Amino acid sequence: MSVPTGFDAVLASAPPVFDDPEVLAIAASTFDLRASGVRNLGSERDQTFLLTGPDATPLAVMKVSNSAEDPAILDMEALAVRHAAQVDPGLPLALPWAVPGVEPITDPADDDPARYRATIAAGDGSHQVRMYDVLVGRQRIRPTELSDVAVGAWGATTARLGLALRGFFHPRSRRTMLWDVQHTARTRALLGSIRDPRQRALVEQALDRFEAVVTPVWTSLRAQVVHSDLTVDNALTDDAGRISGIVDFGDMSYSALVTDLASVLDSLVVDRGPDEVFRLGRLVLDGYQRVVPLEPLELRLMGELLAARAAVTIAISSWRSELGLEERTFAERYNASVAATLETLIGVGWAEAARRFGADAEPGRAAELVARRRAALGSAIEPLSYRQPIHVASASGVWLTDVEGRRFLDAYNNVPCVGHGHPRVTEAIARQARRLNTNMRYLHGAAIELAERLAATMPDGLDTVLFVNSGSEANDLAWRLATTFTGNDGALCTGYAYHGITEASAALSPESWRGRRRPDHVETWVPPDPLRGMDAGTDGFSAAVGRLADRGRRPAATILDGVLTSDGYPDPPAAYVRELVRLTHAAGGLWIADEVQGGHGRTGTAMWSFERFGIVPDLVTLGKPMGNGHPVGAVITRRDIAERFGDETVFFSTFGGNQVSVAAAMAVLDVLEDECILDRVIEASAALRLALSGLAERYPSMAEVRGAGLAVGVDIVRDPTTMAPDAALAEAIKEGLRDRGVLIGTTGPLGNVLKIRPPLAFTAADVPSLVDPLAETLQVVAAPSA
């Protein structure tokens, strides 16, 4: 059989044949090395020897290259190894010797690779001779002997080698070397050499899958010069099975970075059994990703890449043995094992193989997931948001994408404060998670800096920060601080407030009470609603304080969400709120400003929503937006309040203030500043209110547009003359918008207020994407004005 078109001819050329005396003579004549012993180490297409001294001491490894080998390829190998060793001196690389007599280099940039090879003539042509350091280790170990720890270490070393070669390039690296899986499709020409029909069929299936799935996206994969053939044949190992020597760069080429992983996996998972293929594979990938994280596409294609490498192994070995270039038993020694790997991959299915290697699972069917959700999570969890649930797959900025690729404008989620998937935040989380994540019993400067930055945004006196993991925990801790400081146990909140899920914060959340009896220590008041004739008088609040007193309780704290989200976004006058603060203090309580909904610039006019009232709270609680979706919260208070608390207890939260959470929170503050988000909120909210007010003129069911900044409520009524709330119409509008690709919620004591609170990545340019679908929905479900 001839060499198929486009293949590197060296694969089809017989290796040189020099006997021991000739080898000793070559070593002496080329590198002036006087050896007394020779051991043939074996090689696919070259001859490789261990040269020893009189007492069998290893002196060097000598390689005599195939006569078909292009010297420029050998020069590339020498430069690559030296480059990698310079970048990562700890890598166990065998460095080439310079030919005696050549001038030493003083600048690595002036390195002449020809100085690392000598040319000899023979009957079959000329050969290049190279000499290398001897590395200590075992050769050609059995992969099944490797421990789990060693398998992971192989992955880590593979990643280090890739990093070390990242900045290297050579013109000859763009070659068609058959062991490089990017040329998998070319091995179709070798199918006829595979004698075993079962193996041939498996290889053909792997080739079909590669061409259908991998080839179209190959150019999307990270690419660089890679080793391309890192296997147990090309590595030495120490007694623990870890790589102690990386040898034979003869197949290196410019290819996808994960090409090296394909060869390592192909080599290490053999003879392990179907389940172990994936378990061992995951250990290799874990080791690799400790050094170099894999991209989602790389991880998703890992099964196909492993199958391609297995197919290439079978095809090349069968072809070379058919040509008589290698003894058949030796050449095909791995074929049965890698065929078993192929059977495993094909048997479980490509999607399942990707999942087992750690890629994101393919989305299940929505109806099935709804049933599983009900069975696994029970009935207490809040229902899904829409009649037709949205099965989300990804998000960016203010847009969510479902599993079918449909995009939705997210005008509902305030949690991703600076936008879904903001690169500053996601990268800060990933970097810190790879570096360190522990608790605040250890000193780390980032938590201190975050506390200083948060305190700097507060009024004078609010100078002490306590970190927790959520807004619920923040409000729970604020309640503990207030009761400890005041000695009181009564609480005041608005009539339909929501402040969290802990026992203490749930007691302050009438929205979630439902059929539950009002907690005895809590009283509520209804905020002003001029639309329905409720003025901004404080009699209701005073009456609530009085009801607590009637039960023998004094207020420890009043808590207020600065944008009154759950109460339907009423917009109380600043003077009204200031009077409530005065009354609270007069009754012996503290004021808690809950900034979980309104903080981090949502109002646009200030960083914190309480600032619009001109008040100075005693405690400020932060949550959802603080980490852009990462679980982190905080309480900011006065030193005297914190110290009174510290006199009675020691506060510690295992995860509160951990380095990853702090990195997320710091990144959010940076983005708020760098993107001038407060200014953007003012511009976007003005454009949104103007557009909504224009719609309200045409649709009287939109009784009022209210709120602050990008915390917007639209009060929906049945009859504009009576202002009777219409929760059913509000729900119909929400569902109609969902069908038109816009997500909002409903809120308020009667569920009749449209809740519009997009991520702060929302801009004035996004307003038509919200208001136009709203107009279409209203045209269908609401009667326009005459």
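Yes or no: Ala206 within 27 Å of the chain's Cα centre (by Cα), at pLDDT 95 or above and either open to solvent by less than 10 Å² (accessible area, probe 1.4 Å) or not aliphatic (A, V, I, L, M) (or both)? No.
Can you name the residue in segment 172-185 that is touching a Phe, Trp or Tyr at 6+ places or on another chain (Cβ under 7 Å) and in contact (Cβ under 8 Å) with a residue 60 or more places away in the chain and, of all such residues, is surrounded by the most Cβ atoms within 10 Å (Cβ to Cβ)? Per the criteria, the residue is Thr184.
So which of Ala728, Ala703, Ala696, Ala691 is in a helix (DSSP H, G or I) and touching a residue at least 40 places away in the same chain (Cβ under 8 Å)?
Result: Ala691 is the single residue among Ala728, Ala703, Ala696, Ala691 that is in a helix (DSSP H, G or I) and touching a residue at least 40 places away in the same chain (Cβ under 8 Å).
Among the residues making up segment 37-55, those that are open to solvent by less than 70 Å² (accessible area, probe 1.4 Å) and either in a loop (DSSP other than H, G, I, E, B) or over 30 Å from Thr176 (Cβ atoms) (or both) are Gly37, Val38, Leu41, Gly42, Ser43, Glu44, Arg45, Asp46, Leu50, Leu51, Thr52, Gly53. Considering segment 217-233, and only residues there that are open to solvent by 10 Å² or more (accessible area, probe 1.4 Å) and at pLDDT below 95, the residue that is nearest to Ser255 (Cα to Cα) turns out to be Asp229. The residues listed here are Gly552, Gly568, Gly546; of these, the one that is surrounded by fewer than 18 Cβ atoms within 10 Å (Cβ to Cβ) and part of a loop (DSSP other than H, G, I, E, B) is Gly552. For Leu678, the conditions (1) surrounded by fewer than 19 Cβ atoms within 10 Å (Cβ to Cβ); (2) at pLDDT 95 or above; (3) farther than 16 Å from Val767 by Cβ are fulfilled apart from (1). Scanning segment 746-761 turns up one or more residues that are aliphatic (A, V, I, L, M), within 20 Å of Trp399 (Cα to Cα), open to solvent by 10 Å² or more (accessible area, probe 1.4 Å) and in contact with a strand residue (DSSP E or B) (Cβ under 7 Å, 6 or more places away or on another chain). Within segment 244-258, is even one residue farther than 20 Å from Ser147 by Cβ, among the aliphatic types (A, V, I, L, M) and over 22 Å from the mean Cα position of the chain (by Cα)? Checked against the condition, which is being farther than 20 Å from Ser147 by Cβ, among the aliphatic types (A, V, I, L, M) and over 22 Å from the mean Cα position of the chain (by Cα), segment 244-258 yields at least one hit. Only a single criterion out of (1) surrounded by fewer than 22 Cβ atoms within 10 Å (Cβ to Cβ); (2) at pLDDT 95 or above is not satisfied by Leu305, namely (1). The condition (being over 30 Å from Ile615 (Cα atoms), out of contact with any strand residue (DSSP E or B) (no Cβ under 7 Å at 6 or more places or on another chain), assigned to a helix (DSSP H, G or I) and open to solvent by 50 Å² or more (accessible area, probe 1.4 Å)) is satisfied by just one residue among Arg434, Arg453, Arg441: Arg434.
Within segment 348-359, residues that are on the phi < 0 side of the Ramachandran plot and in contact (Cβ under 8 Å) with a residue 24 or more places away in the chain have Cβ atoms under 8 Å from residues that are part of a loop (DSSP other than H, G, I, E, B) and surrounded by 17 or more Cβ atoms within 10 Å (Cβ to Cβ) in these pairs: Ala354/Leu301, counting only partners at least 6 apart in sequence or on another chain. There is at least one residue in segment 208-222 that is within 25 Å of His170 (Cα to Cα), in contact with a helix residue (DSSP H, G or I) (Cβ under 8 Å, 6 or more places away or on another chain) and not in a helix (DSSP H, G or I).
You will find that of Glu382, Glu362, Glu332, Glu352, the residue that is more than 18 Å from the chain's Cα centre (by Cα) and open to solvent by 80 Å² or more (accessible area, probe 1.4 Å) is Glu382 and no other.
Among the residues of segment 306-329, those that are over 38 Å from the mean Cα position of the chain (by Cα) and among the aliphatic types (A, V, I, L, M) comprise Leu323, Leu325. With respect to (1) in contact with a Leu (Cβ under 8 Å, 6 or more places away or on another chain); (2) open to solvent by less than 10 Å² (accessible area, probe 1.4 Å), the lone exception for Ser255 is condition (1).
From the list Thr329, Thr313, the one residue that fits, being assigned to a helix (DSSP H, G or I), touching a residue at least 24 places away in the same chain (Cβ under 8 Å) and of a type in the set (Val, Ile, Thr), is Thr313. The number of residues in segment 641-686 being among the small types (Gly, Ala, Ser), within 28 Å of Ala711 (Cβ to Cβ) and out of contact with any Asp or Glu (no Cβ under 9 Å at 6 or more places or on another chain) comes to 7.
Given the criteria surrounded by fewer than 20 Cβ atoms within 10 Å (Cβ to Cβ) and either within 30 Å of Ala606 (Cα to Cα) or modelled with pLDDT under 95 (or both), does Arg706 qualify? Judged against the criteria, Arg706 is not a match.
For segment 683-707, the set of residues classified as within 11 Å of Ser785 (Cα to Cα) and not charged (D, E, K, R) consists of Leu695, Ala696, Tyr699, Pro700, Ser701, Met702, listed by residue number.
Against the test of being surrounded by fewer than 24 Cβ atoms within 10 Å (Cβ to Cβ) and touching an Asp or Glu at 6+ places or on another chain (Cβ under 6 Å), the options Leu297, Leu283 yield a single qualifying residue, Leu283. Among the candidates Gly614, Gly604, the residue that is more than 17 Å from Ile641 (Cα to Cα), touching a Lys or Arg at 6+ places or on another chain (Cβ under 9 Å) and either of a type in the set (Lys, Arg) or open to solvent by less than 20 Å² (accessible area, probe 1.4 Å) (or both) is uniquely Gly604.
Within segment 234-252, the only residue that satisfies the criterion of being open to solvent by 10 Å² or more (accessible area, probe 1.4 Å), of a type in the set (Gly, Ala, Ser) and in a loop (DSSP other than H, G, I, E, B) is Ala240. The residue pairs whose first member lies in segment 145-171 and is open to solvent by 20 Å² or more (accessible area, probe 1.4 Å), whose second member is of a type in the set (Ser, Thr, Tyr), and whose beta carbons are closer than 7 Å, counting only pairs six or more residues apart or on different chains, are Ala156/Tyr288.
The values are calculated or read from the model by the stated rules, or taken from the named source; none is laboratory data. Computed from a predicted structure; not experimentally measured. Cβ sites come from the backbone with ideal geometry, for glycine too, and all protein chains shown count toward neighbours. Remember, those area values only see protein heavy atoms, side chains included, never the ligands or the DNA or RNA. Shrake-Rupley method; radii C 1.70, N 1.55, O 1.52, S 1.80 Å.
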